[in-house]
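Student: Okay, handing you the structure first.
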Amino acid sequence: MEYTISQLAKLAGISTRTLRYYDEINLLKPKRINSSGYRIYGQEEVDRLQQILFFRELGVSIETILSIMNDPNFDSIKALESHLAQLLKKRFRLDKLIDSVKKTIAHEKGEMTMNNEEKFEAFKERLIEENEQKYGGEIRQKYGDDAVNGSNNKFRNMSKEDFEAFKQLAEEILNLLDKAKRTGDPASPLARELAAKHKQWLTYTWSSYSKEAHQGLVEMYVADERFRAYYDKKGEGAAEFLRDAVVHYLNNN
């Protein structure tokens, strides 16, 4: 069966603009162009689009999808098996979140008692889920599933006090980044304090710390547009400043 661009867009629940973009970047080319100049897609293109949307659902960037799917060694069956594994993990996290919300409702109704650690489970799971959706693909590709899963588990088991301290430290880092960046000097005392706090923040969730992994992470802050946009809320070039401050700190400690 063949589809016009509008028919395929409707079938997949995406816009024709998205399909045109995928064509432009050589991610999903139409099977052919008919005599009227319309893009026509066949079954092979439908299956490829499904793979693309699986990757997107799992938070993988377009750049990474391009690299993976345009690799001549790309194996669609292995990709689907990987999608299934990731989706099962996602379902597990959602089931945990749903269970935590149900417990909270029962606690509020006086039907059960919920301890303070349990009260924060829902928030932790939400943060883990959001992080997986935004950055999971890249982080897992760079550090591996074991490292990421270990980090997530450490975060889940964090005490109420550590969880509050973790969130507070994240706010302090952003505020300090704003002040340190104004100095223009990644070796300044403020920049050193910023890098030290960033290291401290990582140790709340990392099962083991290394300078190499820390530097690799801040390099990703600059290379990945989503990380860069998060830190550049404190001004253009903020992600680069944080990277430079951390690198200087690591090289001098």
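The values are calculated or read from the model by the stated rules, or taken from the named source; none is laboratory data. As the structure is a computational prediction, the values presented were derived from the model and not from experiment. Backbone-built Cβ (ideal geometry, glycine too); neighbour counts: all protein chains shown. Keep in mind that these areas ignore ligands, DNA and RNA; they rest on the heavy atoms of the full protein, side chains included. Shrake-Rupley method; radii C 1.70, N 1.55, O 1.52, S 1.80 Å.
Student: With respect to Tyr249, is the statement that it is of a type in the set (Ser, Thr, Tyr), in a helix (DSSP H, G or I) and modelled with pLDDT of 90 or more true?
Tutor: Criteria met by Tyr249.
Student: In addition: Inspect all residues belonging to the stretch 223-232 and state whether any of them is within 20 Å of Gly144 (Cα to Cα), free of Cβ contacts under 8 Å to residues at least 24 places away in the same chain and not aromatic (Phe, Trp, Tyr).
Tutor: yes
Student: Determine if the stretch 72-84 includes at least one residue that is at negative phi and in contact (Cβ under 8 Å) with a residue 40 or more places away in the chain.
Tutor: no
Student: Is it the case that some residue within the stretch 171-194 is within 24 Å of Leu58 (Cα to Cα), in contact (Cβ under 8 Å) with a residue 40 or more places away in the chain and open to solvent by less than 70 Å² (accessible area, probe 1.4 Å)?
Tutor: No, the conditions are met nowhere in the stretch 171-194.
Student: Can you name every residue in the stretch 204-215 that is surrounded by fewer than 15 Cβ atoms within 10 Å (Cβ to Cβ), among the polar types (S, T, N, Q) and closer than 20 Å to Asn253 by Cα?
Tutor: The answer is Ser208, Ser210.
Student: Considering only residues that are at pLDDT 90 or above and over 19 Å from the mean Cα position of the chain (by Cα), which ones fall in the stretch 131-170?
Tutor: Correct list: Ala165, Gln168, Leu169.
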